[in-house]
Amino acid sequence: MNAHSGVNCCDSLGDSGAGDVLDWHAYVGPGQPVPDATRASMDGEHGGFGLEVDGHMWFEDGHAYEMTPDVATLTRRYVENQEDVLTAALQCGISGSVYTQITDVEHEVNGFFTYDRQVEKMDFGQVRDVNEEIIAGADGSGGEPPVVGPGTPGLAGVHAWAFDEGSGSVATDGVGDADAALTGTTWADGVAGGGLSFDGAGEADTGQALVRTDGSYSVSAWARLDVADDGFQTVVSQDTGSNSAFFLQYSGQDRRWAMSFVGTRALSPTTPEPGRWYHLTGVRDAEAGTLSLYVDGEKVASQDVCTAPDTEGPLVIGRGQYGGNEVDHLRGDVDDVRLFDRALSDEEVAELAAG
């Protein structure tokens, strides 16, 4: 009995705990739900890589969760995605996955075949090879948690931006060596001293990868929104070239604060008020396999996320990255952004938020 397919998705009201299967949907994913004492786990929907084939579409324009330009790229992304499925099986204990999808369906061009079933959109030899690798290698046993170092003690962080300059095109890193280049921003009043204001098109780009995203880390910031509508707005993220490794953000789909991976969000219980300052902290605990969100020093949500890849893109304040594009620009103000190379405790986050 699969009591709730897509328990983590969309307008879901959460996990009821019922049935025999814990089923996540994650695009592009795959999801990594961890089995519990009574339920196996699976990813019931993932992938969704698209390719348009002229003359074989339902109508002129197609849609997918991630579009690709040609057969070679589509095949590569499928293989990479399926390799992540095997990792989730070996390290997280998932027992099944469902790729989206067999054929294009109306405007969705994310099939193995075109809408009319006439064109093979991937190199099926590579598809078969990686699928057989999963069948042979996946035993659903899970793996040992990663060995995580203690990180740097204290609440100063390993990088920090106070935004007290008041002028110029650079925000100084007061702890490390990653000054942020400012584009499309203005100086403003902060929670204490100065702050930085974003108008929906700006960013503060450190130019460096500052977080080992396969390990434990924490990111905190004071943030104030101009508007809380159905648009996404990212406070802090780290680029990967494709999708941000993480998003400390406002989720417009949910109208909540969030600490997010693609396909997974730890959400605040209420919608933030425009014009009010909030202290946000996102914590990735690699040893526990969790992604947590704190608002004003209190833990408000946590999600199981078994693994995360290491990435090399720059840490950016004021926007995110999705499908290789710069997206989710902030409309509001930021102050006192700090980065930590470890998972902060509940007590440390409360102390940080208290000033």
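The values are calculated or read from the model by the stated rules, or taken from the named source; none is laboratory data. Not measured: the values here are computed from a predicted model. Backbone-built Cβ (ideal geometry, glycine too); neighbour counts: all protein chains shown. Side chains are part of the model used for accessible areas, which takes the heavy atoms of the whole protein and leaves out ligands, DNA and RNA. Shrake-Rupley method; radii C 1.70, N 1.55, O 1.52, S 1.80 Å.
Scanning segment 25-50 for residues that are open to solvent by 20 Å² or more (accessible area, probe 1.4 Å), among the hydrophobic types (A, V, I, L, M, F, W, C) and under 18 Å from residue 89 (Cβ atoms) yields 34, 40, 42.
Tell me yes or no: at least one residue of segment 154-169 is open to solvent by 70 Å² or more (accessible area, probe 1.4 Å), within 23 Å of residue 355 (Cα to Cα) and in contact (Cβ under 8 Å) with a residue 24 or more places away in the chain.
yes
From the list 287, 298, 347, 351, the one residue that fits, being among the acidic types (Asp, Glu), free of Cβ contacts under 8 Å to residues at least 12 places away in the same chain and farther than 19 Å from residue 240 by Cα, is 347. Looking only at segment 150-205, residues that are part of a strand (DSSP E or B) and at negative phi come to 26 in all.
Of all residues in segment 117-138, those that are β-branched (Val, Ile, Thr) have Cβ atoms under 7 Å from Cβ atoms of residues that are part of a loop (DSSP other than H, G, I, E, B), 6 or more apart or on another chain, in 119/53; 119/56.
Selection of segment 1-35 for residues being small (Gly, Ala, Ser) and assigned to a loop (DSSP other than H, G, I, E, B) yields 3, 6, 12, 14, 16, 17, 18, 19, 26, 29, 31.
With a requirement of 2 or more residues that are in contact with a Ser or Thr (Cβ under 8 Å, 6 or more places away or on another chain) and open to solvent by less than 30 Å² (accessible area, probe 1.4 Å), the strands (runs of 3 or more DSSP E) lying completely within segment 286-355 that satisfy it span 290-295, 315-317, 320-322, 331-340. Of all residues in segment 255-303, those satisfying the criterion of being of a type in the set (D, E, K, R) and modelled with pLDDT of 90 or more are 255, 256, 273, 276, 284, 285, 296, 298, 299. Residues that are part of a strand (DSSP E or B), open to solvent by less than 30 Å² (accessible area, probe 1.4 Å) and closer than 28 Å to residue 32 by Cβ occur at least once in segment 65-85.
The set of residues in segment 97-116 being assigned to a loop (DSSP other than H, G, I, E, B) and either touching a residue at least 24 places away in the same chain (Cβ under 8 Å) or of a type in the set (Lys, Arg) (or both) consists of 101, 104, 106, 107, 109, 110, 114, 115, 116. Checking each residue in segment 237-276 for being in a strand (DSSP E or B), closer than 16 Å to residue 329 by Cα and among the hydroxyl-bearing types (Ser, Thr, Tyr) picks out 237, 250, 251, 260.
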